[in-house]
Amino acid sequence: MVLADIRQISPDAVFHGGHLADSGSSPVEVLDTIRDLGWPGVMGNTDEMLVRPSSLEQFANASSAPPAIWDTVREIAISTRQRLGDDRLAWISNLTMVLSHDAFALVHATPQSCWRAPSESASETDLELVYGSLARPTDVFGHSHCLFIRMFAAGTKTLINAGSAGLSYDGDPRASYFVLDDEVPTVRRIAYDVDRELTALAVSELPGAAWTSNMLRQHSPNAVIDCHEQCDLALTIVLRDAVLFAN
């Protein structure tokens, strides 16, 4: 449905924001679709987890979440690596942390990390410290699956969290992405067939399928994990003049 909508609006370019192949029912199909379409993008935290397992351990060791959560995440990662195979994992390993365009910069969470992103309520001073180095009028990220647009009071920057194309955490089950046209962002929210994905997860034999299904039903991360620490899934952004598809 998201792909059909993107084709309908016919943007000039599309970019992804990472978290392409983990936790959902069809990691191989999702990754192959992105590769076949030739959409450039950035590495997400679960992408990094697949190709650099130590990144998960570093984050888990600093997290207050129950250890059982990370045991499940490790099982998901092992299964996903096996399904993807060496060629796809090599493609993931070549994803960059930052993608810069004349009109915007794209990261998964921050320029420094795939794993933590500031909240919508963070001060402009704090946000400038995190994203100022990108030196673009518009900065786009995802990770928390919580859609928002934040325009700085001085008019110097627009900060966009694209939400998610497959696992929204903002209470709205629809997929989200952005069209950026002459530096003006427009939100697109597209119906997402949650029941179809739940059915696919039920027969997928993927570890953690019940956990992912629960998050899909609630349109929210599990209560035991803070939204900004949660490992995210399938987010999407779009630009126009440079269309952006993220996470």
With criteria (1) in contact with a His (Cβ under 8 Å, 6 or more places away or on another chain); (2) at pLDDT 85 or above, H228 comes up short on (2)
Filter result (outside any helix (DSSP H, G or I) and under 23 Å from E197 (Cα atoms)) within segment 1-23: M1, H16, G17, G18, H19, L20, A21, D22, S23
Please tell me if A68 is at pLDDT below 95, among the aliphatic types (A, V, I, L, M) and either in contact with a Gly (Cβ under 7 Å, 6 or more places away or on another chain) or farther than 15 Å from H19 by Cβ (or both). yes
Segment 65-112 - residue that is among the aromatic types (F, W, Y) and within 18 Å of the chain's Cα centre (by Cα) and, of those, surrounded by the most Cβ atoms within 10 Å (Cβ to Cβ): F104
Which numbered condition A62 fails, given (1) free of Cβ contacts under 8 Å to residues at least 40 places away in the same chain; (2) buried (at least 16 other Cβ atoms within 10 Å of the Cβ); (3) under 29 Å from P207 (Cα atoms); (4) small (G, A, S): (2)
From the set of residues in segment 1-51 that are exposed (fewer than 14 other Cβ atoms within 10 Å of the Cβ) and among the acidic types (D, E), which is nearest to the chain's Cα centre (by Cα)? E29
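Each row is one residue, and each column tells you yes or no for (1) among the basic types (K, R); (2) within 25 Å of L216 (Cα to Cα).
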| site | (1), (2) |
| --- | --- |
| G132 | no, no |
| L147 | no, yes |
| R150 | yes, no |
| A153 | no, no |
Residue list for segment 128-148, filter: surrounded by fewer than 19 Cβ atoms within 10 Å (Cβ to Cβ) and farther than 19 Å from V14 by Cα: E128, L129, G132, S133, A135, F148
One residue from S123, S164 being touching a Leu at 6+ places or on another chain (Cβ under 8 Å) and of a type in the set (S, T, Y): S164
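The values are calculated or read from the model by the stated rules, or taken from the named source; none is laboratory data. Owing to the predicted nature of the structure, the values given are computational and were not obtained by experimental measurement. For neighbour counting, all protein chains shown are included, and Cβ atoms are generated from backbone atoms with ideal geometry for every residue, glycine included.
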